[in-house]
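The block underneath contains the structure these notes are about, expressed in structure tokens.
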Amino acid sequence: MRRAVPVAILLMTLSVFSFPSFLNGIVPPANAVSTGFSFSASGDIGSLTLSTSVNNLNRLQTVNPNFFLGLGGFSYDPSVTGGVWCGQFKSKFNNIQILSGDRDTGGHSSTFGETHSYERYVNGCSLDVGVPIVCGPVEGDCYGKEYYFDYPAVNPIARFIFAAPKIYNITGVCTLSPNCSSQTGQPCTDQYGCWQYNANDLHYNWIANAIDNARSKGIGWVIVATHKLCISSSDSTCSMGIAFFNMLVQKKVDLIIQAHDNAYERSKQLAFNPTTCPKMTTDGSGYAVYNSGCVVDAGTGNYTRGAGSVVVVQGAWIDDLYGVGNSASNTQNVAEAPYFAKLMGQNTAGNGLGFTKYTISAGSIDVQTFFSGTFSDKFSLTTGLTPVPSATWSPLVPQIGQIVTFTGTATGGAGPYAFTWDFGDGSGATGSTVSHSYSSANYFNVTLTASDSANRVGSNHSIIALGSWNSAVPCSPTQSTIEQVIGKVSI
């Protein structure tokens, strides 16, 4: 005769075995398709035939992200047109998307040794991420200039917004370089194909609305990419414009990814408040002024989404690294160094060349550098939630002595996850997929514990039964209701 079992446990056991439809939101099927993806980014790339660049391309092939974002600064050789450059890049890694830099548009003086063939970069490195784009105020020919897309195509979890502040000749109005350049005295106006992104102008407002629209649609991550930057511990002024940068920080854009400095610079998390940092400012020469009140997270490695913005400058592809920190080009850049949590430049031990990879899921952005030297940086932005683990096993109704395969998954928190199992019979295991067998007929309380990369811990309890205790008595699953609590499932 069967031994009496508490009714609640029995109902939970039978429900787990039958996997009715009401469990779909709590225990995902083992073969669920992940909506996560990865991309890599770098700028200031230059020649692709130099050995250092070939090595970077080979490394990119190995890392194999879903796509690569070129953040401007491709043209360092006037004999190499944009079409040739794109062909060379795509011979190694096909899925590259581009953003403008003034080297590519002919927006520098002739002493920079660049070519005015940006339209060939656009044509040769065409958008190929399988999603539609939304153009900025200048409709039509917007790719590579000012646009956004949501990714992936179904249930997008990130919006990528591309802007081109202070890039001369972005519209191609000047056919004879350097007739449109700040270095030859032209102002940043439409006449010279240059967009200011001043407060509340056409382009500024379009970016602001694109950010707000992503939030209203529930898209979890907002990433803004530009070539020009603002805060710099290396060489640059706030060339993108302080009003535009302040708007991005005020709206707490998750990531601001940029190039322009030939270095790697990862900021602390920045945000405004009414007392110590109502906004960021520049000095009389256009350099950003350091204000410790703008720092909300010192950048030890795990940032929380919604707390502020993180800036990543990745212009360390070309073999021409700048000094950073105390070896910056200007004293103003030295003074800005405390804005950053990690720096790599010419004066950094173990410096190297390469790119940065971003792995994005609904719960986190995990970032890792891939450089040729020993210097390395990694960090995460997470939702700040406790991970919620889920367990499945096969066979669903095991027999005594039969090997049972357990599989653990987790949502929330920030991957990667570590899994620990307690099988309820005094034994346990670690790993996402483990095996175990039971030596007696009973109901066992299996506990799966998941810890994420920020050491947050969540657990989940399930009941497993060793078949029917009486082979003449069939086990008939019935449906009951359960509720989910952060970190575990209970009844």
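The values are calculated or read from the model by the stated rules, or taken from the named source; none is laboratory data. These figures come from a predicted structure and were not determined experimentally. Don't worry about glycine lacking a Cβ; one is built from the backbone with ideal geometry, like all the others, and counts go over all protein chains shown. To get the accessible areas, we keep the full protein, side chains included, count just its heavy atoms, and leave off ligands, DNA and RNA. Shrake-Rupley method; radii C 1.70, N 1.55, O 1.52, S 1.80 Å.
Rounded to the nearest 5, what % of the DSSP beta bridges within the chain are antiparallel ones? List each step's numbers first, then the result.
Numbers: 67 of 89 bridges.
Of all bridge pairs located within the chain, approximately 75 percent are antiparallel.
Between THR374 and ASN213, with labels modelled 7 Å along Cα→Cβ, what's the label distance in nm to one decimal, could you check?
For the pair THR374/ASN213, the computed spacing is 4.9 nm.
Using r as the Cβ-Cβ distance of THR275 and ASN55, and R0 as 41 Å, what FRET efficiency do you calculate, to the nearest 0.05?
With R0 = 41 Å, the Cβ-Cβ based efficiency is 0.25.
Suppose each label sits 7 Å from its Cα in the direction of the beta carbon; what would the GLN183-ASP141 distance come out to in nanometres?
A separation of 2.4 nm, rounded to one decimal place.
Counting other Cβ atoms within 10 Å, which GluC sites (Glu not before Pro) in the stretch 67-168 have at most 14 and lie in a DSSP loop?
Listed in order of number, the matching sites are GLU139.
When the dipole is taken about the Cα centre of the stretch 203-351, and only Lys, Arg (+1) and Asp, Glu (-1) are charged at their Cβ, what size is it in debye, to the nearest 20? Please report the intermediate quantities before stating the final value.
Details: 10 positive and 10 negative charges, 125 e Å.
That gives a dipole near 600 debye.
Ignoring the sites themselves, what is the longest stretch of the chain with no trypsin sites (Lys or Arg not before Pro) in a DSSP loop and at most 14 other beta-carbon atoms within 10 Å?
4-216
Taking amide H positions as placed in the peptide plane 1.01 Å from N, state which residues far from THR304 in sequence (5 or more) or on other chains have amide H under 5 Å from it.
THR382
Volume per residue, Å³, of the convex hull around the alpha-carbon atoms of the stretch 176-310? Please report the intermediate quantities before stating the final value.
Values: hull volume 18.0 nm³, N = 135.
Dividing the Cα hull volume of the stretch 176-310 by its residues yields 133 Å³.
Taking the convex hull of the Cα atoms, report for the chain its projected area averaged over all directions, in nm².
26.3 nm²
Would you pull out the residues with amide H under 5 Å of GLN346's amide H, same chain only if 5 or more places away, H placed 1.01 Å from N?
Amide H to amide H, under 5 Å and 5 or more residues apart or across chains, GLN346 pairs with TYR322, GLY323, VAL324.
Could you calculate the contour length gain from HIS461 to SER394, that is, 0.36 nm times the residue separation minus the distance between their Cα atoms, to one decimal place in nm?
Details: separation 67, 0.36 × 67 = 24.12 nm, distance 1.65 nm.
Gain in length upon complete extension: 22.5 nm.
Excluding ligands, DNA and RNA, what is the solvent-accessible area per residue of the chain at a probe of 1.4 Å, expressed in Å²? Kindly include the intermediate steps, with their values, before the conclusion.
Details: 19680 Å² over 491 residues.
In whole numbers, the chain has 40 Å² accessible per residue.
Kindly write out, for the stretch 95-101 in residue order, the coupling ³J(HN,Hα) from the Karplus curve 6.51 cos²θ - 1.76 cosθ + 1.60 (θ = phi - 60°), rounded to whole Hz, with x marking Gly and Pro.
Coupling constants for the stretch 95-101: 8, 10, 10, 10, 10, 6, x Hz.
First measure r as the distance between the Cβ atoms of ASN445 and ALA362, then evaluate 1/(1 + (r/R0)^6) with R0 = 35 Å and state the FRET efficiency to the nearest 0.05.
About 0.75, to the nearest 0.05.
Take the Cβ-Cβ distance between ASN205 and ALA349 as r, set R0 to 51 Å, and report the resulting FRET efficiency rounded to the nearest 0.05.
Result of the calculation: an efficiency of 0.70.
May I ask which of LYS145/LYS268; LYS90/LYS378; LYS228/LYS357 have a Cα-Cα span longer than 24 Å here?
The answer is LYS145/LYS268; LYS90/LYS378.
For a label point 7 Å from the Cα of SER110 along Cα→C-beta, name the residues of the stretch 185-203 whose backbone N is under 18 Å from it.
Inside the label zone: 185-186.
In degrees from 0 to 90, rounded to the nearest 10, what is the angle of the helix 51-63 Cα long axis to the longest principal axis of the chain?
Long axis of 51-63 versus the principal axis of the chain: about 30 degrees.
Report the extension gain between THR405 and ALA298 in nm, rounded to one decimal, defined as 0.36 nm multiplied by the number of residues separating them, less their alpha carbon distance. List each step's numbers first, then the result.
Working: separation 107, 0.36 × 107 = 38.52 nm, distance 4.26 nm.
Going from the current span to full extension adds 34.3 nm.
Note the full-extension length gain between ASN64 and ALA335 as 0.36 nm times their separation in residues minus their Cα-Cα distance, in nm to one decimal.
This chain segment gains 93.8 nm when fully extended.
Modelled label-to-label distance, VAL134 and SER285, 7 Å Cα→beta-carbon offset: nm?
4.0 nm
To the nearest Å, what is the center-to-center distance of the stretch 138-152 and the stretch 428-448, using C-alpha atoms only?
For the stretch 138-152 versus the stretch 428-448, the Cα centre distance is 51 Å.
Say a paramagnetic label sat at a point 7 Å from the Cα of GLN250, along Cα to Cβ; which residues of the stretch 216-243 have their backbone N under 11 Å from it?
Those under the cut-off are 243.
Dipole size in debye (nearest 20) for the chain around its Cα centre, Lys and Arg Cβ +1, Asp and Glu Cβ -1?
Magnitude of the dipole: close to 1240 debye.
Convert each backbone phi in the stretch 400-410 into a coupling constant with the Karplus relation 6.51 cos²θ - 1.76 cosθ + 1.60 (shift: θ = phi - 60°), then list the ³J(HN,Hα) values in order as whole Hz, x for Gly and Pro.
Once rounded to whole Hz, the list reads 4, x, 7, 6, 10, 9, 9, 10, x, 10, 8.
Using modelled amide H (1.01 Å from N, peptide plane; none on Pro or chain starts), what sits under 5 Å from the amide H of SER42, excluding residues fewer than 5 places away?
Sorted by chain and number, the residues that satisfy this are LEU69, LEU71.
Mind listing the phi-derived Karplus ³J(HN,Hα) values for the stretch 293-307, rounded to whole Hz, using 6.51, -1.76 and 1.60 with θ = phi - 60°, and x for any glycine or proline?
Karplus values, whole Hz, x for Gly and Pro: x, 7, 8, 10, 8, 6, x, 6, x, 10, 9, 9, 4, x, 7.
Just to verify a number: what accessible area does HIS436 come out at with the full protein assembly present, 1.4 Å probe, Å² rounded to tens?
30 Å²
With +1 assigned to the C-beta of every Lys and Arg and -1 to the C-beta of every Asp and Glu, and no other charges, what is the dipole magnitude of the stretch 130-240 about the Cα centre in debye, to the nearest 20?
In debye, rounded to 20, the stretch 130-240 gives about 220.
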